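Presented below is the structure to which this report refers.
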Amino acid sequence: PGKDYTAGNGILLSMPGMSVDILTPAAHSIAGQDQASDLLVQANVVKMCGCPLQETGPWPASRYEVEARIYRDGSDSARILPLAFTGTPSRFEARLALSQPGSYEIVVTAFDPQTMDSGVDRTTVILP
């Protein structure tokens, strides 16, 4: 620990995948009626190495499929909402309209069709 390997038996960890972190809405938040028609779903998505997704560079954001699946009151069927790259490194978002009261689970997934890397995060929001 705390020492660099410069020769010999170095350590190499291969960690495929993506880290997805839902920024909004916060977990188990309660949406007011004014938010219900325009709820921001925002996620930060990075490679497991910590590398950001950007417009240009080795990991262009346009290559990744980032979407939210919205489940209401534990339903097995989901509405799918694509999240768009915002221009800020690793940031994707979309606006969601909730029309009926209930408990909503939002599952955000990211997928790289080129490397098959993927990641997921989930949150919940309640519309009284």
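Residue count for segment 86-113 satisfying the condition of being open to solvent by 50 Å² or more (accessible area, probe 1.4 Å) and under 11 Å from the mean Cα position of the chain (by Cα): 3.
Give segment 42-58 a look and list any residue that's surrounded by fewer than 15 Cβ atoms within 10 Å (Cβ to Cβ) and under 14 Å from Ala110 (Cβ atoms), or say none.
Met48, Cys51
Can you say whether Asp21 is under 14 Å from Gly119 (Cβ atoms) and surrounded by fewer than 19 Cβ atoms within 10 Å (Cβ to Cβ), as far as the supplied structure shows? Considered against the rule, which asks whether it is under 14 Å from Gly119 (Cβ atoms) and surrounded by fewer than 19 Cβ atoms within 10 Å (Cβ to Cβ), Asp21 comes out as yes.
When residues in segment 64-80 are screened for being loosely packed, with under 12 Cβ neighbours inside 10 Å and over 13 Å from Val41 (Cβ atoms), 4 of them pass. Checked against the criterion of being closer than 20 Å to Met15 by Cβ, of a type outside the set (D, E, K, R) and at pLDDT 95 or above, segment 75-88 has no qualifying residue.
The values are calculated or read from the model by the stated rules, or taken from the named source; none is laboratory data. Since this is a predicted model, take the numbers as computed values, not measurements. Note that each Cβ is placed from the backbone with ideal geometry, even for glycine, and that neighbours are counted across all protein chains shown. Accessible surface areas use protein heavy atoms only, side chains included; no ligands, DNA or RNA. Shrake-Rupley method; radii C 1.70, N 1.55, O 1.52, S 1.80 Å.
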